[in-house]
There are 2 protein chains.
Amino acid sequence: MAQNTSNYKLSAAAGNLRYNDILPYKVESGGVTREFLQKVIDVLLDFVNDTNDRNEKILDFHHPEEMQKLLDLQVPNEGVSLQQLVHDCATTLKYQVKTGHPRFFNQLSCGLDLVSMAGEWLTATANTNMFTYEIAPVFILMENVVMTHMREIIGKNWVNGDSILAPGGSISNLYAFLAARHKMFPNYKEKGIATIQGQLVMFTSDQSHYSVKSCASVCGLGTDNCVMVASDEQGRMIPSELERLVVERKNRGHIPFFVAVTAGTTVLGAFDPINEIADICEKYGMWLHVDAAWGGGLLLSKKNRNPRLLGVERADSVTWNPHKLMGALLQCSTIHFKEDGLLMSCNQMSADYLFMQDKLYDIKYDTGDKVIQCGRHNDIFKLWLQWRAKGDHGFEEHMDRLLELTDFMVKRIRDQPDKFYLILEPELVNVSFWYIPTRLRRMPHSPSREQELGKMCPILKARMMQTGTLMVGYQPDDRRPNFFRNIISSAAVTEKDIDFLLNEMDRLGHDL
Amino acid sequence: MAQNTSNYKLSAAAGNLRYNDILPYKVESGGVTREFLQKVIDVLLDFVNDTNDRNEKILDFHHPEEMQKLLDLQVPNEGVSLQQLVHDCATTLKYQVKTGHPRFFNQLSCGLDLVSMAGEWLTATANTNMFTYEIAPVFILMENVVMTHMREIIGKNWVNGDSILAPGGSISNLYAFLAARHKMFPNYKEKGIATIQGQLVMFTSDQSHYSVKSCASVCGLGTDNCVMVASDEQGRMIPSELERLVVERKNRGHIPFFVAVTAGTTVLGAFDPINEIADICEKYGMWLHVDAAWGGGLLLSKKNRNPRLLGVERADSVTWNPHKLMGALLQCSTIHFKEDGLLMSCNQMSADYLFMQDKLYDIKYDTGDKVIQCGRHNDIFKLWLQWRAKGDHGFEEHMDRLLELTDFMVKRIRDQPDKFYLILEPELVNVSFWYIPTRLRRMPHSPSREQELGKMCPILKARMMQTGTLMVGYQPDDRRPNFFRNIISSAAVTEKDIDFLLNEMDRLGHDL
């Protein structure tokens, strides 16, 4: 049943009140508040149901200008009624994209894990800050338990390392960069770049996430000193190219110090060869960071972890985002270090006025001094609760299932070579392909056909969104014009949804 | 009623199931899921009630080692039952600190705004990412509306500027630093610090938040080049000192480029004199950033905005955290710029593979290219819904009420000079004071009495936490040993709570 925003009626006594009428909260008159909050929950539970209902659309698309006319978004001078607030919630969800819908294949984060969602509801209600044990005792301990477990999964020699949750993989990668610079140039923190004789240089593949390059801009190297190493046809960094470029920069008097490899690239889902690159890092004394924001989830699968992530335990730092393959709610990103103490010595500003040293409990549990954030959202509870619900084993089954579904999709594409063109054999759940409309089916594949196929991607995507039945992403890369990238990272997807996806693309696009 | 974790019973049919038994979600068997989620909500609604019940303790303190024994925090190999998950939620909240309790005066963010909380529940359920209109259409438009409104409140000449929500004030301040550097040195992004002839220098007061200094470390200046300007007895930056230090650095061939003033310091709640500092910034061509993370809420009060924030419209950038004085849930931080386009040109990495230029809608609404985060949590809905509920007027009343309560507390402290020593007349809701136990009441106030009073703060704080009836923060500063800093930022606080606070400190501490 599609959400009808008029379904959610508060009693007249409650509905006509304004928020300021019931503030400050009084326990003895909590009935109105509870009625209001329960009504919001009814809206949310119906949305959860609709999200999982294949008869419901994924979205009801409107252009920004139209949407602004449909909605009343103004923040008023006087507050609206409680009834209006419930109505606002229902309307918001009516026009929101259902990212948990089984036919939403558009982002690296798809799906709506209901236990993680319940965890996030609790997180909101507890409304605390992750900087001290003092005000987040249980959550701080949970963070310890889960981060230690994740490091154990990375490698046995990582147990005594250190980790932190960050607001997204880009900031996690920034933490790795900062720790590497601090480890190699401890004076840098106080003296700055002027203390270093020579230009610092970092390396990453031309397929890496742009946040790696962004570190060079933010931290003062300049993006010209983030060297983009060529990748092979599969999108994997070419180790010999890395070594060549390192040597070239050294010959110019530069100081290569940081290599970020990618375990699961954004577009192609490629895994850089960690072991070969680790050898080069050892040889030239460079920090090895593995950005496994996307592919890290596969560490949980005995069957599928190797060879993709072989050698990950040789890294100095690893980014791993549970909000991607593992389906934790947004945001949940982790950064792990093999060496303990670095996060603290790198980021600590000795703000004793906030992080007092004379507390009644053991302050080694406080995390505020380790981060560049000060206040930090509680991103651990949703992950902890989800891990309790699924267990290692449940996550392992989930990973294996996602790759099984990917294989299924690849097979279905191969079965229909007239309608679909598979660009490469995927290593992860990214399936890169073109859809071929009727008029191009008899044309031999060539660069000029690729151009034609690329031009169609935005048009077909627009039709998907306007119909509301399907969402798949597209993008160009250095080698090709636009192509589709389908992501299978939601527990809701079945083989039937994949068949639907391919049939629906054909239904919407055959005449293009 | 204190939460009894055994109160929340699922039906046997649902409670014995494990999460993996009900995956993938089936609409036709949604009953079990709904029962589970509703039971979690019952736990949360009881917690909300307890939070607002003055007969309930704020916390049930245990040392980390004890807490680890009390709780089962392990993430298992096989998932636990749905019933156990509900139990886990109840147990977590049983040992969590109630930051919304009317006697929690411990942080800059106190209180539990129920509408903002409902908004955060919806945010979790919608589970989307703020980088494109494509997947967050309504939320992106809300962000536009609220950010424009906030800029209007800063100043009429700010309407055509630009803003973004960031994960906390520290990252907001970092955005200001990056934009300033980019505006003044556009080559820096590509070429790095090597392109600049001379040492960049930034200035802030010795009372500013440590995240300002952290920018110097993260971005390559080194903390030695973040010059700490002396403040007066009230904690306000001394403009003549700023000018002296700017000139001194210029004489050394350095390049002063960035001044961060604070509107509401963390400890004393002081407001730097913006207008006088703006004159100096104009004179020497420096960027003026106002860190109003804490004091920004007062912009909503016609009565209390000036003189504290007089001149704010002359700044180039302003940090303002609605999760502090305005009571929005954690996290909700905003950074505003007078000039449009800077965020984009500074932070854009031209990742066309993520932020395509050939979409069916007007891509000026996409925000992904403006930020250093890539994925970005939806922090706007909770604020938008709260603003709908309270209106400008409701927020104004809230600000005026907080300052009225602060005046009340100051008066009560002055009325009891034997028991309390007021350190300074507050400009904001931070009340800085010492509690005086019986044995020190007849001693004249002196540096040696201050030392004695300072030693007692951790002991009295420990008693508060162990009793669970009260939480007030303490810290030292450059001029004094430990003293208490009481924060009134919660809508739940009344005059009676302030009387309770002072009486309870005396009850717990008189024998020290």
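The values are calculated or read from the model by the stated rules, or taken from the named source; none is laboratory data. All figures in this text were calculated on a predicted structure; none of them were measured in a lab. In this analysis, Cβ positions are derived from the backbone assuming ideal geometry, glycine residues included, and neighbour counts consider all displayed protein chains. For the accessible areas, the whole protein counts, side chains as well, though only heavy atoms, and no ligand, DNA or RNA atoms are used. Shrake-Rupley method; radii C 1.70, N 1.55, O 1.52, S 1.80 Å.
Taking max minus min of the alpha-carbon positions on each principal axis, segment B:5-98 gives extents of 43, 31, 19 Å, largest first. Each of B:L508, B:L309, A:N127 was scored by the projection of its Cα onto the charge dipole of the protein assembly as shown, and the greatest displacement toward the positive side belongs to B:L309; charges sit on the C-beta of Lys, Arg, Asp and Glu. For Cα pairs less than 8 Å apart in space and 6+ apart in sequence, what is the mean separation divided by the residue count of chain A, i.e. the relative contact order in percent? Relative contact order here is 18 percent.
Extending 7 Å from Cα along the Cβ direction at B:M184 and again at B:E248 yields two label points whose distance is 1.8 nm.
Please quote Rg/Rh for segment A:243-396 to two decimal places, taking the Kirkwood radius as Rh and restricting both calculations to Cα atoms.
1.03
Counting only lysines at least 8 places from A:K183 when in the same chain, those with an alpha carbon closer than 16 Å to its own are A:K191, A:K338, A:K370.
Annotation: lysines with alpha-carbon distance below 20 angstrom to B:K302 (same-chain offsets under eight excluded): B:K156, B:K324, B:K390.
Give me the Debye-computed log₁₀ of I(q)/I(0) at q = 0.16, 0.20 Å⁻¹ for segment A:130-210, equal point scatterers on Cα only, no solvent, two decimals. Here log10 of I(q) over I(0) equals -0.88, -1.10.
Computed with a 1.4 Å probe on the full set of protein chains, the accessible area for B:Y284 sits at about 50 Å². About its Cα centre, the dipole of segment A:125-235 is roughly 320 debye, where the only charges are +1 on Lys and Arg Cβ and -1 on Asp and Glu Cβ. Label sites at A:D60 and B:R449, each approximated as a point 7 angstrom past Cα along Cα to Cβ, lie 6.9 nm apart. Here B:K191 sits with roughly 110 square angstrom of accessible surface, probe radius 1.4 Å.
Ranking B:G368, B:M443, B:L424 by Cα position along the charge dipole of segment B:366-512, where only Lys, Arg, Asp and Glu carry charges on their C-beta atoms, puts B:M443 farthest toward the positive end.
At R0 = 41 Å, how high is the FRET efficiency between A:D400 and B:D42 if r is their beta carbon distance? Nearest 0.05 is fine. Step by step, r from the Cβ atoms, then E = 0.70. Gyration tensor over the Cα atoms of the protein assembly as shown: the corresponding equivalent ellipsoid has semi-axes (square roots of 5 times the eigenvalues, largest first) of 44, 35, 27 Å. Over chain A, the pair-distance histogram of Cα-Cα distances with 10 Å bins from zero comes to 4, 17, 24, 25, 19, 9, 2, 0 percent, rounded to whole numbers. Principal axis extents of the C-alpha atoms in segment A:412-511 (largest first, rounded to whole Å): 38, 30, 25. Site pair B:K156 and B:E339 shows an inter-label distance of 2.3 nm when each label is modelled 7 Å from Cα along Cα→Cβ. Descending by average beta-carbon neighbour count within 10 Å, the peptides A:244-252, B:114-122, A:432-440 line up as B:114-122, A:432-440, A:244-252, the highest first. Can you give me the Cα centroid spacing of segment B:51-66 and segment A:478-507 in angstrom? If we compute the Cα centre of each part, the gap is 50 Å.
Around the Cα centre of segment A:347-446, unit charges on the Cβ atoms of Lys, Arg, Asp and Glu (plus for the first two, minus for the last two) sum to a dipole of about 760 debye.
In whole percent, how big is the carbon plus sulfur part of the accessible area of segment B:5-98, probe 1.4 Å, protein atoms only?
48
Cα convex hull, segment A:237-322: 89 Å³ per residue, rounded to a whole number.
Positive end of the dipole of the protein assembly as shown (Cβ unit charges, origin at the Cα centre): among A:M202, A:P481, A:N157, the Cα lying farthest that way belongs to A:M202. At 10 °C and 1.306 mPa s, what whole-number value in µm²/s does Stokes-Einstein give for the translational diffusion of segment B:30-170, with Rh from the Kirkwood sum over Cα pairs? Once the numbers are plugged in, D ends up at 84 µm²/s. In this Cβ point-charge picture (+1 for Lys and Arg, -1 for Asp and Glu), segment B:10-167 has a dipole of about 260 debye about its Cα centre. Here the Debye sum runs over all C-alpha atoms of segment A:209-259 as equal scatterers in vacuum, and log10 of I(q)/I(0) at q = 0.27 Å⁻¹ comes out as -1.13.
For B:D21, the label point sits 7 Å beyond Cα toward Cβ; its separations from the matching points on the remaining copies run 4.5 nm, from shortest to longest. What pairs in A:K26/B:K496; B:K98/B:K419; A:K496/B:K26 have C-alpha atoms more than 24 Å from each other? The answer is B:K98/B:K419. Peptide B:393-400 has a mean shielding of 3, counted as Cβ atoms of other protein chains within 10 Å of each residue's Cβ.
Solvent exposure of the protein assembly as shown amounts to 32 Å² per residue of accessible area, where only protein heavy atoms count and the probe is 1.4 Å. For the peptides A:84-92, B:498-506, the ranking by mean Cβ contacts within 10 Å, running from highest to lowest, is A:84-92, B:498-506. For A:L310, the point set 7 Å out from Cα toward Cβ sits 7.2 nm from its twins in the other copies, listed from shortest up. The two copies B and A are related by a rotation, and the chain B beta carbon nearest its axis, with distance in whole angstrom, is B:G220, 1. If a spin label sat at a point 7 angstrom from the Cα of B:L424 along the line to its beta carbon, the backbone N atoms of segment B:441-472 nearer than 19 Å would be those of B:446-447, B:450-451, B:454. Once every Cα of segment A:68-115 carries one equal point scatterer and solvent is ignored, give the base-10 log of I(q)/I(0) from the Debye formula at q = 0.21, 0.32 Å⁻¹, two decimals. Debye intensities relative to I(0), on a log10 scale: -0.83, -1.21. The mean number of partner chain beta-carbon atoms within 10 angstrom of a residue's beta-carbon across peptide A:357-370 is 3.
Using a probe of 1.4 Å, the accessible surface attributed to B:E233 totals some 120 Å² when neighbouring protein chains are kept in position. Treating r as the C-beta distance of B:S11 and A:S29 and R0 as 30 Å, the FRET efficiency rounds to 0.45. B:N251 label point (Cα plus 7 Å toward Cβ) to equivalent points in the other copies: 4.9 nm, shortest first.
Averaged over the residues of B:187-200, the number of partner chain Cβ atoms lying within 10 Å of the residue Cβ comes to 5.
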